[in-house]
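Report on the structure given below.
The values are calculated or read from the model by the stated rules, or taken from the named source; none is laboratory data. Quick caveat: nothing in here was measured; it's all calculated off a predicted structure. Quick reminder, even Gly has a Cβ in these numbers, built from the backbone with ideal geometry, and neighbours come from all protein chains shown. Accessible surface is based on the protein model in full, side chains and every heavy atom, while ligands, DNA and RNA are left aside. Shrake-Rupley method; radii C 1.70, N 1.55, O 1.52, S 1.80 Å.
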Amino acid sequence: ANELALKDLLDFEKILSWFEDDKIEFDASHISFSHPSYYEALGHLLSDSDHYTTFDKNVFSHVLLYMANHGFNLEFVADSITQNYQQLPLEIRNQLLEKVVSSKMETVKFYLARCVEKNFEELPTDLRERIIPHVLSNPSAARSITSIIVNKNNEIESSLRKKTLLKLCHIHDSSELLSFHLIHT
């Protein structure tokens, strides 16, 4: 609230007690939604056009940027980018990806791979080509990258495709899928 200069806010303790046991769960170090539908509803607060909602422009994007800049809960930031990439303002979404792309956290790598898989055409080429090699050490992320290589083969720069294929051949789940694809193409 201080960072965003929000005014006329309810006391944090009052908000917690209002949501407690119904919409959120919390302990000493975490606050989470009590049901996945609350998190999924977030997408409806964001715009699906170039006219962004007040919530998105003034709160959501800024909170994500603040978290990414300070290294807070990068898994949530990466998941939020993945789930809401096309609803985020253009200048914010790529800026957010730039902040989390160097993360060594395995869950962040997984979400980044999913983001490339879901938003391949919308991602700037240079950014997606930085993400792909970065996430390959994560087996779950490698499955998403395998899907990209199989489905978007001709849209990936040749040297990156070759290097990625070689790395994927060493990952058991990916190598089986790649073998099947290469035999049938």
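Has the stretch 102-110 got at least one residue that is open to solvent by 60 Å² or more (accessible area, probe 1.4 Å), among the hydrophobic types (A, V, I, L, M, F, W, C) and free of Cβ contacts under 8 Å to residues at least 60 places away in the same chain? I'd like the intermediate steps shown before the answer.
Filtering the stretch 102-110 for residues open to solvent by 60 Å² or more (accessible area, probe 1.4 Å) gives 102, 104-107, 110.
Within this subset, residues satisfying the condition of being among the hydrophobic types (A, V, I, L, M, F, W, C) are 105, 110.
Still in the running and free of Cβ contacts under 8 Å to residues at least 60 places away in the same chain: 105, 110.
There is at least one residue in the stretch 102-110 that is open to solvent by 60 Å² or more (accessible area, probe 1.4 Å), among the hydrophobic types (A, V, I, L, M, F, W, C) and free of Cβ contacts under 8 Å to residues at least 60 places away in the same chain.
Do we find that LEU136 is surrounded by 20 or more Cβ atoms within 10 Å (Cβ to Cβ), out of contact with any strand residue (DSSP E or B) (no Cβ under 7 Å at 6 or more places or on another chain) and free of Cβ contacts under 8 Å to residues at least 60 places away in the same chain in this structure? Lay out the reasoning, then the answer.
Working: surrounded by 20 or more Cβ atoms within 10 Å (Cβ to Cβ): yes; out of contact with any strand residue (DSSP E or B) (no Cβ under 7 Å at 6 or more places or on another chain): yes; free of Cβ contacts under 8 Å to residues at least 60 places away in the same chain: yes.
Judged against the criteria, LEU136 is a match.
For the stretch 58-78, the set of residues classified as out of contact with any Leu (no Cβ under 8 Å at 6 or more places or on another chain) and crowded, with 19+ Cβ neighbours inside 10 Å consists of LEU74 only.
For a quick check of your reading: which helices (runs of 4 or more DSSP H) sit entirely within the stretch 93-185 and have at least 1 residues that are closer than 26 Å to GLN83 by Cβ and at pLDDT below 80?
On the way: elements: 106-118, 125-135, 139-151, 158-168, 172-183.
Filter on the stretch 93-185 gives 139-151, 158-168, 172-183.
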